[in-house]
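**Q** Below is one structure. I have some questions about it.
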Amino acid sequence: MSTEEAALDTSEAKELYRGLREARLRRRCQWGGLVLGLSFLAPYEVILGVPQFLWQTLGELPPAAILAAFSLSVAGFAIFAGSRWAERSSSLALLVLASLASVLLVSAWGAEAAAWDAVPLPAGFAERPGVLLLPYALAGAGADLAFRSESRLAGRRLLALSAVATLPVYLWPDHGVLPARALVELLVSIPELDSYRFVLGYGLIAALGLLTLFVGLVGVLLAVRPPREEPKLLAPVLTFALPGFLCFFVARSVLLTLAGGSIVSEVVGVVILAAAVGVVSAAIECGVAAFLERKSRSDALPSRAFAGGTVGAVILVGGAQLALSRPPEKGVEWTLKASSPAGDELFGTLLPDWNRSRGRWDQGVREKSSAAQLVEVQRAGRVLLRQSQSVDGELEAPLGLLMQEAKDLDLAGRRWYRLVHHLNETSRQRGLPYYVDPTVLMAQTEHGIVRLFNLDAYRIEHVTRVTVDGEPFSALRVRSLGKKRTSHNLLGFSRDLQPFALVAMDEIEPFAKELAELTEESPPRCFEDAPTGDPALDECGMTLARLLAKKGSFLPLLIAMTERHELQHQADGPLLPIATAVRERMHSYSEEAQVTVNRELSAYVAELTSTDGEPALGLAHLFGFAWSGGRSELAHVSTVAFEALSERSLMKDDELDRDGLRKAYLELSKLGADELRARATDAWQRLYGRTLERVERM
Amino acid sequence: MSDGKKALGDGEEAPQTLAAPEVDVDDEQLLSRSKTKLWPILVGLGVVVAGVGGYVAYQATRPDPMKVLVAIDADGFWWQGSTPSALVSDKLAERLKKLGFEAIDGGDPAVVEKLANVTTAEEARQKLRAGFVITGDLTPKVEKLPVDDGLIEARVDGEIRLAFVGEAPKDIGNVRTWSGARKEDKALELLGESLGDQVFDRAIRGLLGHEQIQRLVHGDDAIARGNLTSAKAYVDMRDKQLEHAKEQLEQLATERKKGEAGGHDQKYHTVFEGEDLLAGVSPEGMLIKRSATRYFFNPEQNMLGYFRDLHSLLWKGFDGKEREIAQGYNFYSYPGAAPSGSPVALIEDLFGDAKTITIIDKQGAPRRLRVDGNHRYQAPKLSPNGTRLAVFDLACMRCPAGLLVLDVKSGEELYAVKGDAGDMGSFAFIDDDHLAYVYREKAPPVPETAPADDEEEGEGDEPAAPPVRLLQVVLAGGGKNRTPELLYEAPRGEVFDAVSAGQGGKWLALGRGAEDGKQLAVFDVQSRAMTAYDVQGGTYMVAASPAGRAVAFERYGEIFHYSIDNGALTRLTDNQARDRYPIFSQDGARVFYESLAEDPSFPKQRVLTAIVSVQSP
């Protein structure tokens, strides 16, 4: 120990540095807590130059998602309050770490809850960058501790840990891509770029990607050779490296957009990031130091009461969020009475008429005086209510509420779903065979966020009740009422927030007829535009022709398979893990596209297992989509499905291997129905890593 | 000072000790002095607070003179669900905003919420803090017309009023319009759209003329002046163009009188404003079918336009007084009246969906004898005592005319000639039981035979067209299978057009065409003799005098009088415009006719018609 070190080791020096540490924590908690607390005021996104604020979407979100959205602010205020009132720095550190850990937990569960609902939680709230910040916070804290002899070992461990913490950043697949691989590919591509601008832009992105690794490496170096003097500059540089580097991008945006609307959002984002990493780093530093001093100082660690209270609060918040995040109940009993002309008119004509009037008023009143359109809405509403009396008096309450609430131009989409759900629920309780399907389109316009509310009415013809692994589920066979729904040529559809799936009879029937006509051609074909003379396609046509001859009609088979398909969607929900096969095939596509393909893949493969259906029919259906070889979602679904069913790759140089597809189809078409069902069950299990749900009629 | 101890007074310092001085304080005096000192301050503060509060309250609640509420009561206000009221409100709001006013948006949910339980326009104005409110009772009269699929006619006629805060509403003009549609909702919608233009015209004029707005227009507030620039320019342009159009009409009337070279004293019974058509003359006066039009300044195109009012049928007495007896969307062709003036017959066009034969009795009560969706009826004529009616009857719009005679009381069909059986000419009642008409039967079809070798030379071999006949049908007695009686059969080359009964049906005057050039014929009913007269030119729309042996007719846009007994031909008018359709007064002393003029503001687009009369020679 040198003389200087000895001087540093005096109790006064220890006291001094402890004071500095604690002061740093309190200072960061004061400004950082305030920044995090006020983060709810910052725009979470900028669309068409218009900042979007949290409070604008509150009505769209379920309680769990609202809690998630505000969790960072609540944590921030708690940290700020702690900086004032927590006497022990270790208590404050515990509060910081517990609060921010709770934010991660609450946000993740809130995002799940929102996924089941009408509108997802904005990405900024759903995906908090917890893992990404850890290497920086650990490196900063480690550097501050490592230069003191009494905390050197702990500091070195933290520095080493910061290097370890970089591993998930690079090795944890994100959207189906290994970040490390993507980074390498980016680095390799830079020298090949022919524009200086691209080199600079991609270079900056690559540098950002490498930053965490760099911090980790610095952490390793410092762990091996810890600093001997107080790292007055190094520690904050390591801590705030990420927000500091992001300032380059902010500056670039300023130059490119001349301080456009997104700049404020970007600057605020960087400040929030700095606040978060700053308080976490200081909390880790103080927490570890306090742990080391627990024997020498009786007040080093938080009091039991404080620790208990903090842990209790975390459990309470987590428990509440867990309760709020429960997915919606599925399955429904709907004893159907006969439909009536009055009911058909009410749901099929008058209700959509009223809604169209409301839409015209909604659009008109944002631009000009629209008294006439409002009067028309009121008139249509009166007619609707009058007619409801002749159908069922109980409908007046939900319809009246719908009309009353719909006077609000800024009615939240989620509220719209609830109001229509209330109407459907009344219909269900009264045995009325009608279902109204609500949809909401949201768009950013010059008048702000504008929602277009739609209603499509159906007459329910049959309710299929099943258990899926013992849990009740339902599918309604429905027929469209009123004007035909545009852009909705779906045989069935399912909404996660609804307790049932829907099978559209008026879509299935013409499809069954069309399919029968194709098979009656010479040679029979199994899908439109299918060329003749191809052995696999001809076999497909022949298979369907034989099936039709045997069964007499495709209709019952298509109904059964569509029901199974939609019930699988109901069972999967929005959180179905994305199959690796989908991740690999669609790594360059958006997360949304991947989720869509993944969910459809699950449903299409599952429908092949339907015991009331015929897997050969489903296979032919998929074959048609796969044969198109395009980039549509269904082309991806069907190709991956064939790959899973045949256990062979059907892609060559990123193009469809038609020979492979032919062979796969011919091979699969030779299987009997039960064999094909078993093959589909196996394929689903391989894709999703778990057993396919068992569906049984109730 | 009860005990003589010294009190703390003005100009005395308090003792500089920590202990409280033993001072005998007269509380009452101190309190009284404190009050003396404090109350002015308190009052001052109170005044300031009250002033500031009052100013803030005034600013927060004062009505804005530029803020305009349109609250037309058309079977309720727009916030109560009235479609016409809403349409007017929307149209005015849009236009007033363009002209710088802050018109209240009718469909705004915040506005609707404030007006949830409001029942009067003034209450609504107060709630919305509007400076002006435009009101008017325009509750439409809705009538279901007797058409098979249903037809609704809606009419409105009312005053528009303008009121500023604290003022009584003032009339700023009348508006009237009508509409028709299959459904009442649609009829009211059309009505509201039509009303919007008229209400706006009255409203903008009223607003700009109001002293509050005038103060802003001429005031020191540059922003307010700037906001009103467009409105002022608009009203100035509107007034200028309307004034110019009015001046042109006045000038037209003056020029027409000056331009008359006939030397006969002409009397203008109506002015050149719209289209006044002369349907008859009786002791009641002139029966006029009026298609009135009103100039207005079109706010969409910023140019002069005109509204067409509903058609009206009225008696204009010789004293100049008018008495309206019917009003409707469209009166088809010319109405007719019995010589006494009652009843009156007219053909109503029910918005293109049907035509009626309607009788209006002496009390003015209408009665529809016929409503038909296909047939077109034209030129109704009543028998002398008004018990029978004859009309041209076209089975469809482009079908040839037939004849239909009805009993006015029962509506019973007395006689009918189908249009496709021949060419129906004119007709006239000789008396209540006899109707004369000019008719030529259809030529029999030419048998298809092989063409003769000398076909080209065979023009003279064409089958002769059936002769024109003057027929008479007897209407007395029951049944409708009546056989017409031949009064006169024209030799080949002689044709007739208009028929008019003179002197209570003693003779008939007919426009004539023949190679001899005699273009007037008179048929003596008693002797059944047809006599042709040379009137030195053509005749058109020959009218017989009810009182003497004279006729009037139109020739090349001028009116002529011809005395049958002495053969005197008198030209009654001589001017550049067209005069047409002469009719004698019942005493035969005057000849009434229509005089036409081109609207100076809409040349080649719009013809104006006035009723004029001239003394018979």
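Values in this text are rule-based calculations from the coordinates and carry no lab data. Computed from a predicted model, the values in this text were never measured in an experiment. Cβ: placed from backbone, ideal geometry, glycine included. Neighbour counts: every protein chain shown.
**Q** Give me P(r) over the stretch A:437-583, computed from all C-alpha to C-alpha distances, binned every 10 Å, as integer percentages.
**A** 10, 28, 29, 24, 7, 2
**Q** Which value, in debye to the nearest 20, gives the size of the charge dipole of the protein assembly as shown about its Cα centre, when Lys and Arg are +1 and Asp and Glu are -1 at the Cβ?
**A** 3920
**Q** List every residue whose amide H lies under 5 Å from the amide H of B:Ala103, counting only residues 5 or more places away in sequence or on a different chain, with H placed 1.01 Å from N in the peptide plane.
**A** Close amide H contacts, sequence-distant or interchain: B:Val68, B:Lys97.
**Q** Only four residue types carry charge here, +1 at the Cβ of Lys and Arg and -1 at the Cβ of Asp and Glu. Report the dipole size of the stretch B:488-613 about the Cα centre in Debye, rounded to the nearest 20.
**A** 140
**Q** Might you report the magnitude of the Cβ-based charge dipole of the stretch B:111-169 about its Cα centre, with Lys and Arg at +1 and Asp and Glu at -1, to the nearest 20 debye?
**A** With Lys and Arg at +1 and Asp and Glu at -1, about 380 debye.
**Q** Sticking with this one: The stretch A:54-126: which GluC sites (Glu not before Pro) are DSSP loop and have at most 16 other beta-carbon atoms within 10 angstrom?
**A** The qualifying sites are A:Glu87.
**Q** Going from the alpha-carbon gyration tensor of the protein assembly as shown, what semi-axes, largest first and in whole Å, does one get by taking the root of 5 times each eigenvalue?
**A** For the protein assembly as shown, the ellipsoid semi-axes come out as 90, 52, 28 Å.
**Q** Still on this structure, I have one more. Out of all DSSP beta bridges with both ends in the stretch A:456-527, state the antiparallel percent to the nearest 5.
**A** Just about 75 percent of them are antiparallel.
**Q** Of A:Ser602, A:Leu336, A:Leu210, whose Cα points farthest to the positive end of the dipole of the protein assembly as shown (charges on the beta-carbon: +1 Lys, Arg; -1 Asp, Glu; origin at the Cα centre)?
**A** Among A:Ser602, A:Leu336, A:Leu210, the one farthest towards the positive end of the dipole of the protein assembly as shown is A:Leu210.
**Q** Let me ask something additional. Find the Cα radius of gyration of the stretch A:503-650, compare it with 2.2 N^0.38 Å by division, and give the number to two decimals.
**A** Taking N as the residue count of the stretch A:503-650, the ratio is 1.05.
**Q** A further question on this structure: Test of understanding: what is the full-extension gain from B:Leu42 to B:Ser563, defined as 0.36 nm times their sequence separation minus their Cα-Cα distance?
**A** That pair, B:Leu42 and B:Ser563, stretches by 177.1 nm at full extension.
**Q** A follow-up question, please. What order do you get for B:358-370, A:97-109 when each peptide is scored by the mean count of other beta carbon atoms within 10 Å, highest first?
**A** With the highest mean Cβ count within 10 Å placed first, the list reads A:97-109, B:358-370.
**Q** Moving on to the next point. Viscosity 1.306 mPa s, temperature 10 °C: Stokes-Einstein D of the stretch B:243-398 from its Kirkwood Cα radius, in µm² per second?
**A** Translational D for this selection: 92 µm²/s.
**Q** Sorted from fewest to most neighbouring beta carbons within 10 Å, what does the list B:Asp574, A:Asp496 look like?
**A** B:Asp574, A:Asp496
**Q** Given the options A:Tyr170, A:Ala182, A:Leu134, identify the residue whose Cα lies farthest towards the positive end of the charge dipole of the stretch A:82-205 (+1 on Cβ of Lys, Arg; -1 on Cβ of Asp, Glu).
**A** Looking along the dipole axis, the top candidate is A:Leu134.
**Q** Per residue, what volume in Å³ does the convex hull of the Cα atoms of the stretch A:486-560 enclose?
**A** For the stretch A:486-560, the hull spanned by Cα atoms encloses 112 Å³ per residue.
**Q** Are there chymotrypsin sites (Phe, Trp or Tyr not before Pro) in the stretch B:325-418 that DSSP marks as loop and that have at most 10 other Cβ atoms within 10 Å, and which are they?
**A** Listed in order of number, the matching sites amount to none.
**Q** Identify, among B:Leu596, A:Leu537, B:Ile360, the residue whose Cα sits farthest towards the positive end of the charge dipole of the protein assembly as shown, taking +1 on the Cβ of Lys and Arg and -1 on the Cβ of Asp and Glu, with the dipole about the Cα centre.
**A** A:Leu537
**Q** Which angle between 0 and 90 degrees, to the nearest 10, do you get for helix A:196-224 versus the longest principal axis of chain A when only C-alpha atoms count?
**A** The answer is roughly 50 degrees.
**Q** What net charge do the residues around B:Gly557 carry, taking every other residue with its C-beta under 15 Å from that of B:Gly557, with Lys and Arg at +1 and Asp and Glu at -1?
**A** That works out to -2.
**Q** 222 nm [θ] for chain B, helices only, -39500 (n - 2.57) per DSSP H run of 4+, per residue, to 500?
**A** Value at 222 nm, helices only: -7500 deg cm²/dmol.
**Q** Loop only per DSSP, at most 12 neighbouring Cβ atoms within 10 Å: give me the trypsin sites (Lys or Arg not before Pro) in the stretch B:243-323, ordered by residue number.
**A** Sites meeting the loop and neighbour criteria: B:Lys321.
**Q** Right, next: Give me a single rounded figure for B:87-100: the average over its residues of other chain Cβ atoms within 10 Å of their Cβ.
**A** The shielding value for this peptide is 2.
**Q** Please identify the cysteines of chain A that lack any partner cysteine with a Cβ under 4.7 Å from their own Cβ.
**A** Within chain A, the cysteines lacking a partner Cβ under 4.7 Å are A:Cys29, A:Cys247, A:Cys286.
**Q** Within a 10 angstrom radius of each residue's Cβ in A:375-387, how many Cβ atoms of other chains show up on average? Whole number is fine.
**A** If you average over the peptide's residues, the count of other-chain Cβ atoms is 3.
**Q** For the stretch B:320-327, take each phi angle, set θ = phi - 60°, evaluate the Karplus expression 6.51 cos²θ - 1.76 cosθ + 1.60, and give the result in whole Hz per residue in order, putting x for glycine and proline.
**A** x, 7, 10, 9, 7, 10, 7, 9
**Q** Separate question: Using the C-alpha gyration tensor of chain B, what are the square roots of 5 times its eigenvalues, in whole angstrom, with the largest one first?
**A** Output for chain B: semi-axes of 79, 26, 22 Å.
**Q** Then there's this: Of the peptides B:102-111, A:433-442, how do they stack up when ordered by the mean number of other Cβ atoms within 10 Å, highest first?
**A** Result, highest mean Cβ count within 10 Å first: B:102-111, A:433-442.
**Q** With all pairs of different alpha carbon atoms counted, what Kirkwood hydrodynamic radius in Å does the stretch B:156-198 show?
**A** Result for the stretch B:156-198 stands at 11.7 Å.
**Q** Right, next: For each of A:Met505, B:Met541, A:Met698, count neighbouring Cβ atoms within 10 Å of the residue's Cβ, then give the residues from fewest to most.
**A** A:Met698, B:Met541, A:Met505
**Q** Just for the protein assembly as shown, what percent of DSSP beta bridges are antiparallel, to the closest 5?
**A** 95
**Q** In whole Hz, what ³J(HN,Hα) sequence does the stretch A:596-601 give by Karplus (6.51, -1.76, 1.60; θ = phi - 60°), x for Gly and Pro?
**A** 4, 4, 4, 5, 5, 4
**Q** Over what distance in Å are the Cα centres of the stretch A:76-135 and the stretch B:214-247 separated?
**A** So the separation of the two Cα centres works out to 63 Å.
**Q** Between the alpha-carbon centers of the stretch B:147-191 and the stretch A:296-350, tell me the distance in whole angstrom.
**A** 56
**Q** Take the Cα gyration tensor of the stretch B:126-283, multiply each eigenvalue by 5, square-root it, and list the three semi-axes largest first, rounded to whole angstrom.
**A** For the stretch B:126-283, the semi-axes come out at 37, 30, 13 Å.
**Q** Rounded to the nearest Å, what's the spacing between the alpha carbon centres of the stretch B:396-450 and the stretch A:582-633? Just the number, please.
**A** 79
**Q** Rounded, prolate or oblate: which one fits the stretch A:324-366, using the alpha carbon gyration tensor with axes a ≥ b ≥ c (rounded when a/c is under 1.5, else prolate when a/b beats b/c, else oblate)?
**A** oblate
**Q** Using the Karplus curve 6.51 cos²θ - 1.76 cosθ + 1.60 with θ = phi - 60°, what ³J(HN,Hα) values do you get for each residue of the stretch A:160-166, in whole Hz, with x for Gly and Pro?
**A** Once rounded to whole Hz, the list reads 5, 5, 4, 5, 5, 5, 6.
**Q** Other chains near A:359-371: what is the mean number of their Cβ atoms within 10 Å of each residue's Cβ?
**A** The mean count of partner-chain Cβ atoms within 10 Å per residue comes to 6.
**Q** Over the alpha-carbon set of chain A, work out the extent along each principal axis and list the three values in angstrom, largest first.
**A** If we take the Cα atoms of chain A, the spans are 99, 63, 53 Å.
**Q** Taking K and R as +1 and D and E as -1, what net charge do the other residues with C-beta under 11 Å from the C-beta of B:Val542 add up to?
**A** Result for the neighbourhood of B:Val542: 0.
**Q** With the cut-off at 24 Å, tell me which of the pairs A:Lys368/B:Lys240; A:Lys513/A:Lys550; B:Lys127/B:Lys183; B:Lys141/B:Lys186 have Cα atoms farther apart than that.
**A** Beyond 24 Å between Cα atoms: A:Lys368/B:Lys240; B:Lys127/B:Lys183.
**Q** Also, quick follow-up: What does the charge count near A:Arg479 come to, summing +1 for each Lys or Arg and -1 for each Asp or Glu among other residues with Cβ under 12 Å from its Cβ?
**A** Its environment carries a net charge of -2.
**Q** Could you list which residues have their amide H under 5 Å from that of A:Gly492, counting only those 5 or more apart in sequence or on another chain, with H placed in the peptide plane?
**A** Hits under the 5 Å cutoff: A:Ala504.
**Q** Taking one equal scatterer on every alpha-carbon of the stretch B:530-617, how large is log10 of I(q)/I(0) by Debye at q = 0.16, 0.20, 0.22 1/Å?
**A** Each listed q maps to, in turn, -0.61, -0.87, -1.01.
**Q** Show log10 I(q)/I(0) for the stretch A:523-570 at q = 0.15, 0.21 Å⁻¹, two decimals, from a solvent-free Debye sum over equal Cα scatterers.
**A** Values returned for q = 0.15, 0.21 Å⁻¹ are -0.50, -0.77.
**Q** What Rg and what Dmax come out for the stretch A:287-352 when only alpha-carbon atoms are used, in angstroms?
**A** Computed over the Cα atoms of the stretch A:287-352, radius of gyration and Dmax are 29.2, 86 Å.
**Q** Can you tell me the mean projection area, over all orientations, of the convex hull of the stretch A:568-697's alpha carbons? Units nm², please.
**A** Average of the hull's projected areas for the stretch A:568-697 equals 7.3 nm².
**Q** Calculate the translational D of the stretch B:331-410 in whole µm² s⁻¹ from Stokes-Einstein, where the hydrodynamic radius comes from the Kirkwood formula applied to all Cα pairs, the temperature is 4 °C and the viscosity 1.567 mPa s.
**A** It diffuses with D of about 105 µm²/s by this estimate.
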